[in-house]
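All remarks here apply to the structure that follows.
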Amino acid sequence: MSASSPTPTPTPTRQTKASPTLAMTANTPAVGRSTRAARRFGARAMRLAGWLGLALLVVAVLYPLLWMVFSSFKSNQEVFANPWGLPGKLRWGNFGRAGSAGVVRYFVNSVLVTSASILTTVLFSAWSAYGLVRLRVPFGGAILGLLLGGLMLAPTVALIPLFGLLQQLHIYDSYWALIVLYTAFRIPFTTFLIRAYMIDIPPEVDEAATLDGCSPTQAFWQVILPMCRPILVSAALLQALFAWNEFVFALVFISTGDLKTLPVGLMDMQSRLLTDWPVQFAGLTMAALPMIVLFLIGQRQFLRGLTDGIGK
Amino acid sequence: MSTTLMRWRSLAWVLPALVLLLVFVYYPIVDNLRLSLFSWNAFSVAPTFVGLDNYRTAFHDPIFWTALWNNTVFAVVSLVFQVGFSLVLAALLEEFVHQRLRGILRTIYFIPAVISITVAGILFSFLYNPEIGLVNRLLGAVGLESWQHSWLGEPSTAMGSIIAMSQWQSIGYTAILFVVGIQRIPKEFHEAAKVDGAGPIRRFFSVTVPMVREMTTLIIILTVSGAFLVFNEVMVMTAGGPSDSSQVLGTWLYRNAFLNDDMGYASAIATVIFVITLAIGAVQIVVSRRRRIQW
């Protein structure tokens with residue numbers, strides 16, 4: 001989970017003992033014409049099946065999402081009478097109604113909590129990663145172990161004690177509750193992500209800076225952080241995805257309706273507007289769209305973070 | 001001397017991360033163990049020590065067992081889909097589809113993973129709606145009226161429907177991880193196998209599957225621990241109902257803590273979740289350590 005290469009290019013690695021190609025023998029003596037034809041037919045059938053499967057999955061993935069978007073433009077009667085088809089006309093008003101039913105409020109809350117937690121998480125994680133990689137922090141090994149352990153601890157398990165703790169700290173039912181928890185629970189992952197990247201920056205880079213009279217702090221801000229830009233972007237995107245969609249903490253630690261974030265707010269709205277489908281669909285679309293757009297824009301950074309954080 | 005001082009000063013670098021981690025992650029988890037030995041609720045002045053009573057309660061609580069069973073089913077179904085199906089999907093993408101289209105398909109399949117489970121859950125509860133939901137309409141259109149259900153409203157189908165939604169959401173995510181694993185296989189392996197006359201299916205089983213074993217292990221671990229932490233899906237779609245048929249450990253914990261006001265019992269359930277995920281984590285450590293030695 002830790003370690004090595006910041007480049008997104010997959011590195012060909014190691015020879016396993018099970019070198020499978022050698023085990024297979026090439027025994028293909030004169031294949032008869034009919035079997036060859038049969039084989040060609042089989043290959044064609046398989047290609048067809050492959051394409052069919054891939055296409056079916058595209059439909060299965062996209063159809064519900066398109067249905068959501070289409071339905072958000074329909075009238076209530078249209079949703080019932082013509083659930084499959086395109087909307088007769090674009091009723092943008094549904095979005096306005098969803099907005100005033102709370103979605104705008106939830107949206108703003110989500111933006112606030114998400115951006116604040118991106119800032120704190122990435123900053124604190126880069127900070128500690130630098131300390132661990134470059135400065136000989138006392139008990140560095142033990143601290144690394146604590147971080148690694150933190151990767152495995154689940155929010156659900158901490159729920160009940162946190163309930164009391166946040167109340168004692170007087171941050172229960174405030175943005176701070178979420179910002180602090182989203183930061184604390186994501187520091188392990190983010191630190192490991194950034195650390196893996198920093199390890200590959202040659203020590204000479206910041207040594208040169210220190211020789212030029214930089215303090216470690218200056219070297220960190222002026223040399224290391226700019227060099228880490230790609231991985232910081234990845235880390236920020238993944239944190240955005242996490243914080244925007246987080247549910248358990250937002251459900252338990254926010255009780256004021258006006259402070260709710262989108263995931264919990266939408267659920268609230270669902271029970272309030274039981275029969276007004278198009279407005280609900282509009283709300284869902286508004287909640288889903290930012291992450292989809294962000295993903296489409298930052299795809300490469302997204303996947304780099306994901307696979308560097310997980311696969312190595 | 002001054003170097004020692006500098007070393008200690010460098011602790012400042014890890015301090016914010018460390019403090020947050022200890023206060024908000026480690027302390028609550030340890031405190032949960034203590035709290036699970038008391039009988040208390042949010043309003044009780046003084047919790048009373050009851051020893052292992054809360055665990056005994058769990059042991060005799062049929063809904064606790066339903067929840068544990070549901071988590072297990074979730075894990076097994078997810079394993080089949082996330083490991084089996086996603087691997088086939090990833091192999092198809094990497095070895096079958098040409099470059100251009102490959103990127104587009106990968107993007108499409110991944111999209112469900114970036115929307116929140118709340119959105120996906122509410123969306124699917126519309127799809128599952130007995131009167132106007134698309135699932136029943138589709139069944140009706142092909143003449144399978146007898147298969148129609150009130151999917152989330154019947155105890156026999158609620159959990160399955162939730163699991164199905166979850167597969168829809170996460171298959172692309174797992175496939176991407178497998179894609180990364182497949183991309184790390186040196187090209188020569190497949191080429192050599194091709195020269196040896198191995199067809200695509202043979203190559204899949206003899207080259208791809210053994211070569212992505214590490215990624216498979218990792219995905220198994222992620223999937224299983226994810227399945228025991230399920231919460232959001234169930235909360236949004238059924239909240240554990242009907243008649244507790246789709247209760248999972250997470251929602252049963254929530255219900256006891258914040259609705260039934262039995263914090264002590266809820267803490268005991270949390271401990272059970274903790275022990276399960278810890279065991280899975282331990283397996284992960286053992287496996288990844290073995291891997292590192294191999295390299």
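The values are calculated or read from the model by the stated rules, or taken from the named source; none is laboratory data. All values derive from a computational prediction rather than experimental measurement. Positions of Cβ are backbone-derived with ideal geometry, glycine not excepted, and every protein chain shown enters the neighbour counts. Protein only, heavy atoms only, side chains kept; ligands, DNA and RNA dropped before computing areas. Shrake-Rupley method; radii C 1.70, N 1.55, O 1.52, S 1.80 Å.
Brief remarks follow.
- Residue within the stretch B:212-227 that is within 9 Å of another protein chain (Cβ to nearest Cβ), in contact (Cβ under 8 Å) with a residue 60 or more places away in the chain and either more than 22 Å from the chain's Cα centre (by Cα) or open to solvent by 40 Å² or more (accessible area, probe 1.4 Å) (or both) present: yes
- Helices (runs of 4 or more DSSP H) enclosed by the stretch A:53-150 - at least 2 residues per element that are within 22 Å of the chain's Cα centre (by Cα) and closer than 30 Å to A:Pro202 by Cβ: A:104-134, A:140-150
- Considering the stretch B:21-42, and only residues there that are under 25 Å from the mean Cα position of the chain (by Cα) and at the interface with chain A (Cβ under 7 Å from one of its Cβ atoms), the residue that is nearest to A:Ile143 (Cα to Cα) turns out to be B:Leu21.
- Filtered residues of the stretch B:102-128 (kept if of a type in the set (Phe, Trp, Tyr) and more than 9 Å from chain A (Cβ to nearest Cβ)): B:Tyr128
- Out of A:Ile160, A:Ile143, A:Ile171, sole residue that is free of Cβ contacts under 8 Å to residues at least 40 places away in the same chain, farther than 20 Å from B:Leu15 by Cα and within 7 Å of chain B (Cβ to nearest Cβ): A:Ile160
- Taken over the stretch B:1-54, the residue count meeting the criterion of being of a type in the set (Phe, Trp, Tyr) and in a loop (DSSP other than H, G, I, E, B) is 2.
- Any hit, the stretch B:79-95, residues being charged (D, E, K, R) and over 29 Å from B:Leu152 (Cα atoms): yes
- Cβ pairs under 7 Å, 6+ apart, first in the stretch A:124-136 and farther than 11 Å from A:Ile187 by Cβ, second assigned to a helix (DSSP H, G or I) and open to solvent by 40 Å² or more (accessible area, probe 1.4 Å): A:Leu132/A:Leu144; A:Val133/A:Ile199; A:Leu135/A:Pro216; A:Arg136/B:Arg7
- Test: residue in the stretch A:228-245 that is within 18 Å of the chain's Cα centre (by Cα), under 20 Å from B:Ser116 (Cα atoms), open to solvent by 40 Å² or more (accessible area, probe 1.4 Å) and among the aromatic types (Phe, Trp, Tyr): yes
- Whichever residue in the stretch B:117-152 is open to solvent by less than 10 Å² (accessible area, probe 1.4 Å) and of a type in the set (Gly, Ala, Ser) and, among such residues, is nearest to A:Val58 (Cα to Cα): B:Ala120
- Test: residue in the stretch A:199-208 that is more than 10 Å from every other protein chain (Cβ to nearest Cβ) and under 21 Å from A:Gly150 (Cα atoms): yes
- Subset of the stretch B:194-210 (residues that are open to solvent by 20 Å² or more (accessible area, probe 1.4 Å) and assigned to a helix (DSSP H, G or I)): B:Lys194, B:Val195, B:Pro200, B:Ile201, B:Arg202, B:Arg203, B:Phe204, B:Phe205, B:Ser206, B:Val209, B:Pro210
- Residue count for the stretch A:192-208, restricted to those that are aliphatic (A, V, I, L, M), closer than 13 Å to A:Phe124 by Cβ and open to solvent by 10 Å² or more (accessible area, probe 1.4 Å): 0.
- Qualifying residue in the stretch A:252-273 (condition: small (Gly, Ala, Ser) and not in a helix (DSSP H, G or I)): yes
- Within the stretch A:178-191, the set of residues being buried (at least 24 other Cβ atoms within 10 Å of the Cβ) and either hydrophobic (A, V, I, L, M, F, W, C) or more than 11 Å from chain B (Cβ to nearest Cβ) (or both) comprises A:Leu178, A:Leu181, A:Ala184, A:Phe185, A:Ile187.
- From B:Thr48, B:Thr57, B:Thr66, residue being among the β-branched types (Val, Ile, Thr), over 29 Å from A:Ala184 (Cα atoms) and open to solvent by 70 Å² or more (accessible area, probe 1.4 Å): B:Thr48
- Of the residues making up the stretch B:231-274, those that are more than 25 Å from B:Leu52 (Cβ to Cβ) and either open to solvent by 10 Å² or more (accessible area, probe 1.4 Å) or assigned to a helix (DSSP H, G or I) (or both) number 12.
- Scanning the stretch A:172-193 for residues that are modelled with pLDDT of 95 or more and aliphatic (A, V, I, L, M) returns A:Ala177, A:Leu178, A:Ile179, A:Val180, A:Leu181, A:Ala184, A:Ile187.
Table: residues versus (1) under 26 Å from A:Ile231 (Cα atoms); (2) open to solvent by 10 Å² or more (accessible area, probe 1.4 Å); (3) modelled with pLDDT of 90 or more.
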| site | (1), (2), (3) |
| --- | --- |
| A:Leu266 | no, no, yes |
| A:Arg272 | no, yes, no |
| A:Phe281 | no, no, yes |
| A:Gly305 | yes, no, no |
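- Residue within the stretch B:78-101 that is assigned to a helix (DSSP H, G or I), within 30 Å of A:Asp268 (Cα to Cα) and either modelled with pLDDT under 95 or more than 10 Å from chain A (Cβ to nearest Cβ) (or both) present: yes
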